[in-house]
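Structure first, then comments.
Coordinate-derived values only; no laboratory data. A quick note: this is a predicted structure, and the numbers were derived from the prediction, not measured. Cβ placement follows ideal geometry from the backbone for every residue including glycine, while neighbour counts extend to all protein chains displayed.
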Ligand code: DX5
Ligand code: ZN
């Protein structure tokens, strides 16, 4: 069956002093989405970028910006990321006591709303929230850093989530993030993932344009 598989390079592994050029390279390679990791040093043990960077990036690229909020109480900031230009904003189920309200606020502000689950968070925790999200992001590493190893049980997890979505006849897409490279991308797409985040497998390479192309080629049988 033909599906849309989107490659979403994560700028976390890019050279931040040359961000404009790095983004142009992945655009040429056929990236569909730009993944931006927002970390607060509280929900995750690392600090990255915030609203001003998303705002500048939104002006610098035509790619839709996917803001992955790894922050505590994301409901306090989610709408501001939409206002800054993000077309997709995701929040962690573990970080928000008011998931329904935050997802609704993202949609009302005009972006796609995503819900994220950590490696040890069961798919069952989405039982109620699933219908409120446009996409689910399955973390295949513990959030916080680029360049970690893919957790292999994530493949079965994506498969179970795909079955749960199909059961309910929902249009929800599945995104996967962490440790994806040209060696495992086919397995996660086969399991049901459609938005594929890759940081070090793109910007950790000497030729990010070619790296995106290689990832796309590895999924060619599905598109
Ligand atoms: C990790 C981030 C990822 C990270 C992925 O917390 O959410 O988006 O950039 O990096 P790689 O692809 O190197 O695992
Ligand atoms: Zn991410």
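Extending 7 Å from the Cα toward the beta-carbon at both residue 51 and residue 83 defines two label points whose distance is 0.6 nm.
For residue 2 and residue 142, FRET efficiency with R0 = 35 Å and r from the beta-carbon atoms, rounded to 0.05?
E between residue 142 and residue 2, to the nearest 0.05, is 0.55.
Could you please rank 206, 10, 182, placing first whichever residue has the fewest other Cβ atoms within 10 Å of its Cβ? Could you put the intermediate results ahead of the total?
Numbers: 206 6, 10 24, 182 16.
Neighbour counts put them in this order, fewest first: 206, 182, 10.
Each of 136, 99, 93 was scored by other Cβ atoms within 10 Å of its Cβ. Listed from fewest to most, they are 93, 99, 136. Go ahead and estimate [θ] at 222 nm for the chain from helices alone: -39,500 (n - 2.57) per DSSP H run with n ≥ 4, summed, over the residue count, rounded to 500. Here the helix-only value at 222 nm equals -9500 deg cm²/dmol. Per residue, the average separation of C-alpha pairs within less than 8 Å and at least 6 apart gives segment 14-102 a relative contact order of 26 percent.
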